[in-house]
Amino acid sequence: MNWNECEKNFIREVEIDTERIESIKKKALKRLERARSPFKDDVSLAVEDYYEVVKELLIAYLLKFGIRSKNHQCLISFFYKNNPELETEANLIQQMSFYRNRLDYYGEDIPVSFYEKNKKEFESIIELLIKKVEVKDEK
């Protein structure tokens, strides 16, 4: 989704709340533990969890800038707008979102090949986002 459309229709300014950012990050890391658990029968759930971790970290990332989004696509759009050098990562997050929506809304399984091909990249994106949402201690 185009960032201008996001800004016009789905973004609002909020107060920067470092405690909330940390809380969201902590919950995302708990979900990451679940995503890393072995899924012998259904990697779709693992991909869904990885996407939810990324989404939560993107929410925290926007909060660092004092904004919230009513639309998940705008989270990705903001990330890419601020990090154009990470186009490959933004595209993979977009793919994760697509597959997660197909799973949630249509019950379609996520291809095992997508998981196997990209699992290391999911981890890399999460590590990158964790660094981007780090809140500096100003004491």
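Each value in this text was obtained by applying a stated rule to the coordinates, not by laboratory testing. Source: prediction; values computed, not measured. Neighbour counts run over all protein chains shown; Cβ positions are idealised from the backbone, glycine included.
Beyond 27 Å, how much of the Cα-Cα pair distribution for the chain remains, as a whole percent? Across the chain, Cα pairs with separations above 27 Å total 19 percent. The relative contact order of the chain, computed from alpha carbon pairs under 8 Å that lie at least 6 residues apart in sequence, is 32 percent.
Pairwise Cα distances in region 9-66 exceed 20 Å in 35 percent of cases. Within a straight-line Cα-Cα reach of under 23 Å, LYS70 can be paired with the following lysines, leaving aside sequence neighbours fewer than 8 residues apart in one chain: LYS8, LYS25, LYS26, LYS27, LYS55, LYS81, LYS132.
Think of it as helices only: each DSSP H run of n ≥ 4 in the chain is worth -39500 (n - 2.57), and spread over all residues that comes to -24000 deg cm²/dmol at 222 nm. Compute the longest continuous run of the chain that contains no exposed GluC sites (Glu not before Pro); treat a site as exposed when its DSSP state is not H, G, I, E or B and it has at most 16 other Cβ atoms within 10 Å. Value returned for the longest uninterrupted segment is 16-107. Looking at region 1-80, the trypsin sites (Lys or Arg not before Pro) that sit in a DSSP loop and have at most 11 other Cβ atoms within 10 Å of their own Cβ are LYS40, LYS70. Annotation for region 40-139: chymotrypsin sites (Phe, Trp or Tyr not before Pro) lying in DSSP loop with at most 13 further Cβ atoms inside 10 Å of their Cβ are PHE65.
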